[in-house]
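Here the structure comes first, spelled out in structure tokens, and everything after it is commentary.
The values are calculated or read from the model by the stated rules, or taken from the named source; none is laboratory data. Since the structure is predicted, the reported quantities are computational estimates derived from the model, not experimental observations. Glycine also receives a Cβ, built like all others from the backbone with ideal geometry; neighbour counts cover every protein chain displayed. Quick note on the areas: whole protein, heavy atoms, side chains included, nothing else; ligands and nucleic acids left out. Shrake-Rupley method; radii C 1.70, N 1.55, O 1.52, S 1.80 Å.
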Amino acid sequence: MTEATASAPPTPPSTLLLLVRHGQTPTTGMVLPGRAAGLHLSDRGRVQAERVAERLAGLPVDAIYSSPLERARETAAPAAACTGRNVILHAGLIECDFGEWTGATLAEIARLPEWQSVQHTPSEFSFPGGESFQQMQARMVGALEELRTAHAGGVVVCFSHADPIKAAVSHALGTHLDLFQRIVVSPGSVSVISYAEGQSPAVLTVNSTLEPLSGLRAP
């Protein structure tokens, strides 16, 4: 071993952001609830929330953040109890603002001509009276940048919603926003992005629902 090698500073640990979609609700897959208040987890969603908490065992979690909406906070609660971390609400993790489409059924909006733009050219679409997909992505990416800077070298668990997580993963992959609908993020799933100083983000896993998460960080 040379003197230069012996004196080389250790490589700082990467920052891990775990993006957790909230658990299932009574309207999942049927309605666009958006930011409407009062939507809670179903029985299955509560089981999914407990499963997320179990999977975090052995992972040194530095902080837990959640979208302010009830379904996200309820999904975060078991993880907070298991890790001993308080849930911090962060508006940047909130669901997309669907504007006038809030509360509409997917069957209804799938018949609208605008639905093709939502599916195939989302970068050009804005929800009437709400956010555009570009605004949603910029908001979510900005929130994650803030959190990874605030907890550099740590592990942060973020409870959010399908579209914001898909948009963040798409950005980390360097994929055009028009392709983000190809990413699947199921209720209760975990997607992980790693940030290392001077490097592009690395997407470690997407839509993970089964294995323990402790292996993400070496002991």
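Worth a mention:
- Solvent accessible area, Å² - residue 62, 1.4 Å probe, full protein context: 70
- C-alpha center-to-center spacing [segment 37-79, segment 158-191] in angstrom: 18
- Area of residue 87 that stays accessible when all protein chains are in place (1.4 Å probe, Å², to 10): 50
- The helix-based estimate of mean residue ellipticity at 222 nm for the chain, built from -39,500 (n - 2.57) per DSSP H run of four or more residues and divided by its residue count, is -10000 deg cm²/dmol to the nearest 500.
- Full extension of the chain segment joining residue 176 with residue 135 gains 13.3 nm, where the gain is 0.36 nm per residue of separation less the Cα-Cα distance.
- About the Cα centre, charge dipole magnitude for the chain (Lys/Arg +1, Asp/Glu -1 at Cβ), debye: 440
- Helix 133-150 axis versus longest C-alpha principal axis of the chain: approximately 30°, rounded to the nearest ten.
- Restricted to Cα atoms, segment 116-176 shows a radius of gyration and a Dmax of 12.9, 41 angstrom.
- All-pairs alpha carbon distance profile, segment 1-144, 10 Å steps from 0, percent: 10, 32, 29, 16, 7, 4, 2
- Å² per residue, accessible surface of the chain at 1.4 Å: 48
- Volume per residue of the C-alpha convex hull in segment 48-133, rounded to whole Å³: 130
- Bridges between two residues of segment 14-169, per DSSP, are antiparallel at a rate of about 15%.
- Taking only the C-alpha atoms of segment 153-219, the Rg (one decimal) and the largest Cα-Cα distance, Dmax (whole number), read 12.3, 39 Å.
- Only protein atoms count toward the accessible area here, which uses a 1.4 Å probe; on segment 1-142, the carbon and sulfur part of that area reaches 55 percent.
- Rounded to 10°, Cα long-axis angle of helix 43-55 versus longest principal axis of the chain: 10
- Helix 70-83 and the longest principal axis of the Cα set of the chain meet at an angle near 20°.
- Separation in nanometres of the label points that stand 7 Å from Cα toward Cβ, at residue 91 and residue 27: 2.2
- In this calculation the C-beta distance from residue 108 to residue 51 is compared with R0 = 45 Å, giving a FRET efficiency of 0.90.
- Exposure of residue 90 as accessible area (Å², to 10), given a probe of 1.4 Å and all protein chains: 30
- Ordering 68, 207, 135 by Cα displacement along the dipole of the chain toward the positive end leaves 207 in first place; charges were set at the Cβ atoms of Lys, Arg (+1) and Asp, Glu (-1).
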